[in-house]
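The numbers here are math on the coordinates, done by the rules we state, and not lab data. Owing to the predicted nature of the structure, the values given are computational and were not obtained by experimental measurement. Reconstructed Cβ throughout: ideal geometry from the backbone, glycine too, with neighbour counts over all protein chains shown.
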Amino acid sequence: MPELDFVKKAAKEALIIMAPAGGSDSFLWERAERLVRNVEHIRRLAEISRAGLQTDRFCLITATYFSDTGLARCLDANNAGNKSANLNINNNGLLELSAQIADEKLRPGIDAAKTKTINRIIVESGNHFTNLTEAMILADARNLDDMGAAGVFYEMRRCTFDGKNISDILQLWKRKADYRYWHARLKDGFRFDAVRKLAERRLSAAESFINQLKLESTAEDLEEIAVNSASYKPITGNSESRKMNR
């Protein structure tokens, strides 16, 4: 079996977990495939070639496939009712766990020196000051995936599993905007200018979706239509006013 086929099979087994309602959940495997597409494009950027940066394609792709396996293991343990599953583990802790899983899963079929490089890429992708090219590419690929429609989908998915509703999602987005969370991510989360600019465009699209969600949640667009209706009577919070308008 070619090395990359072995990697994909091992990663898929580690990333497809038990869904809360039963059956299998392939969300993280799908994300891994999306991240691999991201890193393949980022490694070809002109600014990388101009800087003379070299990449080990095999190790980068393999690290990408395994970068969320730590999260998968925690989520799977939690779904199975394992009280020791720590979902509050920080990002660097998850990456270290991912590296351990990569070492465990890849050892039977991948050279030890390559596995060591793969583990280093995974762990250092969480280090903003790393000079490892593959780690910088992986970090940008992961951060980019958080910024647009896919990122909104992930947040909504997570909130739904936690029993939260649309109002909760809108409040969460508002808090992040108020604390300039996205501004900080754009400023500090990317090493390559071309990826940062794309992240800005994706974030703008995500904000448009959130604004539309807010509009529909409050029915402001429907109110505008009603206001233009000849028979419109304003709705107020005062019960007496509502009676008078009937």
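Some points to look at:
- Summed residue charge, Cβ within 11 Å of K174's Cβ, Lys/Arg positive, Asp/Glu negative: +1
- Among complete DSSP H helices in the chain, those whose alpha-carbon atoms stretch at least 24 Å along the helix's long axis and whose mean Kyte-Doolittle hydropathy reaches -0.5 are 193-218.
- Computed over the chain, the per-residue total of -39500 (n - 2.57) for DSSP H runs of n ≥ 4 gives a 222 nm mean residue ellipticity of -22000 deg cm²/dmol, rounded to 500.
- Counting 0.36 nm for each residue step from K164 to S26 and taking away their Cα separation leaves a gain of 47.5 nm.
- A protection proxy built from the mean count of other Cβ atoms within 10 Å ranks the segments 216-223, 119-126, most packed first, as 119-126, 216-223.
- Overall form of the range 1-138 per C-alpha gyration tensor (a/c, 1.5; a/b vs b/c): prolate
- Amide H contacts of G189 (H built 1.01 Å from N, in plane; Pro and chain starts excluded): no residue 5 or more places away or on another chain comes under 5 Å.
- Pairs with C-alpha atoms separated by more than 27 Å, drawn from the list K12/K176; K8/K116; K8/K114; K105/K176; K176/K197, are K12/K176; K105/K176.
- For the chain, the relative contact order is 16 percent, taking Cα pairs closer than 8 Å that sit 6 or more residues apart in sequence and dividing their mean separation by the residue count.
- The range 148-229 - convex hull of alpha carbons, volume per residue in Å³: 105
- Top positive-direction residue, dipole computed over the range 1-138 with Cβ charges, set W29, V123, C59: C59
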